[in-house]
There are 2 protein chains.
Amino acid sequence: MSNNNSPINSNHFLENSLSKQFYEVIFKRRDVRSQFNGEPIPEESLRRILEAAHAAPSVGLSQPWDFILVTDVETKTNFQSHVSQERKYFADSLTEQESKIFEKIKIEGILESSLSIVVTYDPTRGAPNVLGRHAIADAGLYSVCLAIQNLWLAATAENLGLGWVSFYKEQFLQNLLSIPKTIRPVAWLCLGPVTHVEQTPDLERQGWKKRRGLEEFIHYEQWSL
Amino acid sequence: MSNNNSPINSNHFLENSLSKQFYEVIFKRRDVRSQFNGEPIPEESLRRILEAAHAAPSVGLSQPWDFILVTDVETKTNFQSHVSQERKYFADSLTEQESKIFEKIKIEGILESSLSIVVTYDPTRGAPNVLGRHAIADAGLYSVCLAIQNLWLAATAENLGLGWVSFYKEQFLQNLLSIPKTIRPVAWLCLGPVTHVEQTPDLERQGWKKRRGLEEFIHYEQWSL
């Protein structure tokens with residue numbers, strides 16, 4: 001496997017399995033802020049990325065997602081200003097030490113990336129009897145996230161960068177894009193060609209946080225065992 | 001592309017790209033209920049699947065997920081009984097026509113599959129200052145779903161089947177596995193070798209719902225345009 005960031009030894013891969021290239025995509029994927037070069041996205045790539053998102057599983061086959069493609073500079077600039085304001089709110093909550101690190105961290109590439117994709121959740125789709133959602137209302141929201149991860153991995157497979165921006169108030173985004181009140185915005189994604197993809201997450205490279213290994217996240221039979 | 005279910009023409013794939021096998025996995029993935037054969041999961045496969053889940057992006061690099069591996073027959077049987085009860089609650093809400101279709105639909109493979117993996121969300125991890133979560137509290141929950149989709153796709157790449165069971169009350173599952181009150185169960189996943197993977201989702205094959213094409217889910221610049 002070409003990506004040194006992968007914890008998985010390529011010798012373990014079976015011949016004729018689908019897994020080798022698949023895992024390369026899984027471990028190559030990063031949350032991109034700084035490397036967008038503004039080049040256009042090939043139309044075929046964008047189509048494949050959206051088809052991948054749309055091929056995600058969804059509770060009761062409700063397909064509760066929508067994709068709003070945003071290129072308009074005024075819209076992007078308005079959103080970027082809002083995000084900058086939210087950045088300040090967050091910065092104000094930090095300790096002095098955290099602030100010093102956070103100052104250097106770029107949190108979005110809204111204006112530099114070629115395309116923004118806003119992904120939304122429609123709880124009314126397929127309602128009232130959405131199969132598999134009667135006991136867990138959030139199951140529909142979960143489906144939208146599964147679509148987003150498909151989209152993100154497909155962008156990576158297409159050698160594009162993608163960054164999820166979450167420094168915004170949902171109400172602001174709803175107003176900005178005339179999203180109906182019944183529909184919930186879930187993500188603002190920045191997509192586009194990049195100069196390169198970093199091997200280590202930005203937050204780790206810049207000292208905000210270190211990833212922890214898998215072992216401590218696994219439990220057997222019960223939480224406490 | 002060998003999978004007829006894919007809307008994507010393989011002629012469009014670039015040479016030397018990561019994309020061909022990757023998209024095969026994306027379109028091969030199904031929500032599996034009926035095809036588990038109970039064979040053991042190769043240890044190396046399980047390891048790669050969990051590493052893929054753990055390689056998911058997470059808000060503020062918080063890695064807020066945990067994985068509880070359940071093989072105990074008594075635990076699985078107790079959960080399966082609870083799910084059967086929840087199935088009845090849902091069935092009671094259906095119209096006569098819906099009921100007839102739902103009767104034939106299998107909603108879980110808890111006892112037939114080789115392993116159950118319960119995925120949970122810990123909102124306290126990395127708190128209080130989780131970078132990217134101050135404005136959207138659910139961003140942590142979203143991260144857990146991204147990990148689940150990585151896990152699901154990796155299972156598919158390993159030629160295993162995976163089914164997400166969502167007919168349960170979170171409180172029941174919390175008690176069953178001694179999950180602390182601060183931790184939220186997000187999914188019960190059934191994993192294991194299968195006789196085959198269907199090309200069409202069960203709910204579509206059995207007439208519950210038909211998938212709709214991508215076109216109507218795309219908006220340009222604003223929701224209404």
Revision key, fill the gap. Checked pairs for region B:51-67, first more than 7 Å from chain A (Cβ to nearest Cβ) and under 17 Å from A:L203 (Cβ atoms), second hydroxyl-bearing (S, T, Y) and part of a loop (DSSP other than H, G, I, E, B), C-beta under 9 Å and 6 or more apart or across chains, list as B:P64/B:S58; B:P64/B:T124
Review point. Can you spot a residue in region A:122-137 that is closer than 26 Å to B:H134 by Cα and in contact with a strand residue (DSSP E or B) (Cβ under 6 Å, 6 or more places away or on another chain)?
Key: no
Review point. So which of A:T182, A:T156, A:T200, A:T195 is of a type in the set (S, T, N, Q) and either touching a helix residue (DSSP H, G or I) at 6+ places or on another chain (Cβ under 8 Å) or surrounded by 24 or more Cβ atoms within 10 Å (Cβ to Cβ) (or both)?
Key: A:T156
Revision key, fill the gap. Of the residues in region B:77-100 that are surrounded by fewer than 16 Cβ atoms within 10 Å (Cβ to Cβ) and of a type in the set (V, I, T), the one that is nearest to the other protein chains (Cβ to nearest Cβ) is B:T95
Exercise for review: Answer yes or no: is there a residue in region A:215-224 that is farther than 18 Å from B:G140 by Cα, at the interface with chain B (Cβ under 7 Å from one of its Cβ atoms) and touching a residue at least 60 places away in the same chain (Cβ under 8 Å).
Suggested key: no
Check your understanding: Mind checking which residues of region A:57-79 are closer than 21 Å to A:I148 by Cα and part of a helix (DSSP H, G or I)?
Key -> A:V59, A:G60, A:L61, A:K76, A:F79
Practice item. Identify, by number, the condition in (1) of a type in the set (S, T, N, Q); (2) more than 7 Å from every other protein chain (Cβ to nearest Cβ); (3) out of contact with any Ser or Thr (no Cβ under 6 Å at 6 or more places or on another chain) that A:S143 doesn't meet. Key: (3)
Practice item. Provide a single number: the residues in region A:118-138 that are in contact with a Gly (Cβ under 9 Å, 6 or more places away or on another chain), within 10 Å of chain B (Cβ to nearest Cβ) and surrounded by fewer than 22 Cβ atoms within 10 Å (Cβ to Cβ). Key: 4
Review point. Counting only residues that are free of Cβ contacts under 8 Å to residues at least 40 places away in the same chain and among the charged types (D, E, K, R), how many does region B:125-154 have?
Key: 1
Exercise for review: Can you work out which of the residues in region A:159-179 that are under 9 Å from the mean Cα position of the chain (by Cα) and more than 8 Å from chain B (Cβ to nearest Cβ) is surrounded by the fewest Cβ atoms within 10 Å (Cβ to Cβ)?
Suggested key: A:V165
Check your understanding: Which ones in region A:33-52 are in contact with a Gly (Cβ under 9 Å, 6 or more places away or on another chain) and not aliphatic (A, V, I, L, M)?
Key -> A:R33, A:S34, A:Q35, A:F36, A:N37, A:G38, A:E39, A:P40
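Let's see how each residue does on (1) hydrophobic (A, V, I, L, M, F, W, C); (2) under 30 Å from A:L94 (Cα atoms):
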{"position": "B:K28", "(1), (2)": "no, no"}
{"position": "B:P40", "(1), (2)": "no, no"}
{"position": "B:P57", "(1), (2)": "no, yes"}
{"position": "B:F102", "(1), (2)": "yes, no"}
{"position": "B:I107", "(1), (2)": "yes, no"}
Point to revise | Residues (charged (D, E, K, R) and either more than 21 Å from A:L191 (Cβ to Cβ) or touching a Ser or Thr at 6+ places or on another chain (Cβ under 8 Å) (or both)) located in region A:56-78 | key: A:D66, A:K76
**Study point:** Qualifying residue in region B:184-204 (condition: free of Cβ contacts under 8 Å to residues at least 24 places away in the same chain and touching an Asp or Glu at 6+ places or on another chain (Cβ under 9 Å))
**Key:** no
Practice item. With the condition kept exactly as written, say whether any residue in region B:179-197 is modelled with pLDDT of 95 or more and within 25 Å of A:V165 (Cβ to Cβ). Key: yes
Revision key, fill the gap. The condition from (1) within 30 Å of B:F27 (Cβ to Cβ); (2) surrounded by 20 or more Cβ atoms within 10 Å (Cβ to Cβ); (3) not polar (S, T, N, Q) that B:L115 misses is numbered (2)
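The values are calculated or read from the model by the stated rules, or taken from the named source; none is laboratory data. Here the structure is a predicted model, which is why all the values come from computation and not from measurement. Here the Cβ is made from the backbone with ideal geometry for all residues, glycine too, and neighbour counts use every protein chain on show.
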